[in-house]
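Below you'll find the structure, written out as structure tokens, and then a few comments.
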Amino acid sequence: MAILTFLQGVMNWFIPEHLSGDLHTRKRVQMFIISHVFGPIIATPIPLFLWFADPQPLWHVPILAASIYGFWPFLALVKLFPRAYTPLAMASVLNLTFAILWGTYNYGGTSSPFLVWFVLTPLLAFMYLGSTWTARIFVFTQITVGIASLYGFYLYGDFPEHIPVDDMVVAGMLSALGSNIYVFMMAAYYSSVVDSQSELIKEIERHQYTLKALTSAKDDAERANGAKSEFLAKMSHELRTPLNAVLGYSEILLEDAELDGRGEQIADLQKISAAGKHLLAMVNDILDISKIEAGKMALHMENVDLDKLIDDVEATARPLAAKNTNSFVVERGSSLGTMRADATKLRQAIFNLLSNAAKFTQNGQITLAVQRNGEWMEIAVADTGIGISQDQQKALFSNFTQANSKIAAVYGGTGLGLSLSQNLCRLMGGQIEIESELGKGSRFTIRVPSHGEQAAPEPVASLIVPPRQSAPEDEFIAESEADAGERKAGFAGMSGHAVNHDRRPRLLVVDDDRSFLELAERLFMKEDYTPICTDAPQSALQIARTVKPAAIFLDILMPGFDGWDVLAALKADPVTADIPVFMISILSERAKALAAGADGIVMKPFDASKVKAALAGLKATRGQPRAKAANA
């Protein structure tokens with residue numbers, strides 16, 4: 001083993017660096033080196049025999065020996081001139097041909113025992129040079145010239161007889177033995193090369209089989225991931241449907257209880273409402289995660305007034321921090337100005353961090369620090385809470401992951417907030433960084449590009465907003481008629497049981513969910529409107545033309561003729577084109593709704609305060625031109 005290792009090291013030392021990268025070229029160079037190292041050694045007995053057997057060995061035997069031992073200098077030449085490997089290999093083959101022909105001419109002529117070595121010439125030439133056309137022409141030419149030369153001497157000249165042919169038996173045996181050893185050595189090496197190539201081919205086949213299996217597994221995983229995202233989206237839709245009733249009716253009952261002063265019921269209803277809103281937040285997080293994983297989360301970029309954004313966040317977060325008797329501090333850098341971002345997603349990420357800080361901090365301090373750092377906005381949330389260890393930080397931004405198993409038991413939560421916030425920030429070209437020490441608090445920093453835009457922010461109301469051009473967001477949930485089942489029938493027409501219903505402003509509500517229509521009817525009646533509810537979207541245009549409502553609330557996800565189709569029909573009809581239309585959706589599709597001509601979007605489940613704000617906007621703009629109403 002030590003000798004083989006040494007020989008391998010010698011061969012590697014002689015191989016030119018620029019030829020070692022190609023496996024096939026490397027094998028040819030290795031064959032060249034091996035044959036030139038051992039060839040002269042194998043052929044040594046022949047000149048020795050001739051020196052003692054020939055009565056006058058000068059100068060034909062020394063010339064033959066010089067030609068044989070001349071193979072060794074070729075090794076040094078290849079090392080010195082690595083770029084000249086091909087011409088050196090050709091010269092070596094010519095040297096071999098000369099040695100064979102010289103020995104044949106001086107000892108036996110056409111009957112010389114040295115002619116057996118001539119078989120090695122094409123063998124070694126192709127091993128050194130490969131099977132290129134240049135190598136083929138070269139080998140054929142030098143063989144033809146050599147044989148023709150011998151035949152010419154046979155016809156027109158005399159071969160010298162330094163040793164009688166009858167005394168060349170030993171030379172013939174040595175020649176046959178040497179050539180066979182040489183061929184045996186080359187064949188053995190070539191066989192090992194072929195075997196290694198066969199193993200390599202088998203390994204390639206195994207890798208191809210593994211690659212095919214991995215590709216199949218990847219396809220299966222992608223299909224499973226797609227099915228999971230579709231399942232989460234549909235389940236989110238199905239979960240929100242009963243939440244419409246839970247939150248809507250709890251708001252109505254809570255308002256009635258507050259008016260009647262029923263204290264015990266108020267507390268219970270507040271718990272029901274809070275639990276429903278908590279469930280809704282979890283459903284929203286899961287839906288957002290599934291949209292991000294499916295690559296369907298779109299950004300709605302706008303100019304964001306950072307001071308106003310921080311004011312809104314502070315108003316929401318301050319009472320949240322106070323629940324655990326924490327102080328809340330806001331630190332603003334100078335000249336925050338505006339930035340180009342998706343305000344909703346940025347606000348969501350900030351609020352998630354503040355919510356976590358408030359949850360894990362008691363009797364401490366929560367700090368919201370905002371500053372502009374060149375082309376980046378840095379929004380940091382620091383707390384003096386329980387802190388997070390270095391090991392726990394590694395998986396902190398993974399889905400459904402919390403710092404440790406005791407967190408959920410003590411503090412609750414699903415482990416989605418940080419993962420969702422990180423993904424939202426990455427969508428905006430930034431990320432969330434963490435600095436924390438166990439027992440001393442944490443600092444989460446949102447870094448997002450500001451793009452340096454200082455344009456004045458656009459005035460946007462909560463529900464009534466001016467239409468603007470924006471790339472429509474792909475609809476994430478598509479419900480087929482087979483999925484929805486049979487349409488609920490028998491809920492259409494005007495509500496006529498309210499007092500003075502004919503003198504109240506009319507609202508048209510279109511939704512395929514009868515429970516939602518009943519809830520909307522009660523909510524709008526409490527606000528002194530006459531709701532006209534229908535679960536047949538095909539009839540919405542005719543009803544709108546007949547009763548001319550003050551506004552239309554239109555659900556998006558309906559089987560068959562969906563909300564987008566109804567909206568297009570309403571806007572295409574001159575009679576109904578100017579009626580304000582609010583889309584009802586479980587998804588945040590404001591940009592798509594505005595681009596399609598809607599006046600705003602109301603999220604499901606209904607938030608009574610926002611619906612009241614929308615209705616108040618309608619009352620304020622009633623009788624004004626359409627453009628003014630749009631800008632209310």
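Assorted remarks:
- Each 5 Å bin from zero up to the one holding the largest Cα-Cα distance in region 304-354 carries the following percent of pairs: 5, 18, 29, 25, 15, 7, 2, 0.
- Alpha-carbon gyration tensor eigenvalues x 5, square-rooted, for region 270-332, Å: 26, 22, 10
- Whole-Å distance, taken between Cα centres, linking region 303-346 and region 535-596: 35 Å
- Rg ratio for region 70-220: its Cα radius of gyration over 2.2 N^0.38 Å, N being its residue count, equals 1.51.
- Across 271/604; 323/345; 345/526; 218/604; 526/604, pairs whose alpha-carbon gap is larger than 27 Å: 345/526; 218/604
- Nearest-10 value in Å² for the accessible area of residue 191, using the 1.4 Å probe: 50 Å²
- Positive-pole candidate from 243, 257, 231, dipole of region 193-267, charges at beta carbon: 231
- Each peptide in 258-270, 125-137, 207-219 receives the mean, over its residues, of other Cβ atoms within 10 Å, and ordering these scores from highest gives 125-137, 258-270, 207-219.
- Accessible surface of residue 151 - all protein chains present, 1.4 Å probe, nearest 10 Å²: 120 Å²
- Applying 1/(1 + (r/R0)^6) with r as the Cβ-Cβ distance of residue 188 and residue 102 and R0 = 35 angstrom yields a FRET efficiency of 0.75.
- Spherically averaged projected area of region 508-550 from its Cα convex hull (nm²): 2.7 nm²
- Projected onto their three principal axes, the Cα atoms of region 148-196 cover extents of 50, 27, 10 Å, largest first.
- Stokes-Einstein diffusion for region 115-159, with the hydrodynamic radius set to the Kirkwood value over Cα pairs and evaluated at 4 °C in a medium of 1.567 mPa s, equals 112 µm²/s.
- Ordering of 542-550, 328-336, 417-425 by packing [mean C-beta count within 10 Å, highest first]: 417-425, 542-550, 328-336
- Label separation (residue 10 vs residue 169): 3.6 nm, computed from points 7 Å beyond Cα along the C-beta direction.
- Linear extension gain, residue 548 paired with residue 613, 0.36 nm per residue minus alpha-carbon span: 21.2 nm
- Distance cut-off 25 Å, percentage of C-alpha pairs in region 1-112 lying past it: 33 percent
- The residue among 139, 154, 196 whose Cα reaches farthest toward the positive pole of the charge dipole of region 134-218, with charges on the beta-carbon of Lys, Arg, Asp and Glu, is 196.
- Note on region 263-368: Cα Rg divided by 2.2 N^0.38 Å, N the number of residues, gives 1.28.
- Pairwise FRET efficiency - residue 312 versus residue 275, Cβ, R0 = 22 Å, nearest 0.05: 0.30
- Scaled against 2.2 N^0.38 Å for its residue count N, the alpha carbon radius of gyration of region 1-62 is 1.63.
- In this Cβ point-charge picture (+1 for Lys and Arg, -1 for Asp and Glu), region 291-355 has a dipole of about 220 debye about its Cα centre.
- Scanning residues 5 or more positions from residue 330 or on other chains, those with amide H under 5 Å from its amide H are 368, with H placed 1.01 Å from N in the peptide plane.
- Calculated FRET value between residue 394 and residue 44, using beta carbons and R₀ = 60 Å, to 0.05: 0.30
- Cα centre as origin, Lys/Arg/Asp/Glu Cβ charges: region 104-237 dipole, Debye: 860 debye
The values are calculated or read from the model by the stated rules, or taken from the named source; none is laboratory data. These numbers come from a predicted model, not from an experiment. Glycine gets a Cβ as well: all are built from the backbone with ideal geometry, and neighbour counts include every protein chain shown. Quick note on the areas: whole protein, heavy atoms, side chains included, nothing else; ligands and nucleic acids left out. Shrake-Rupley method; radii C 1.70, N 1.55, O 1.52, S 1.80 Å.
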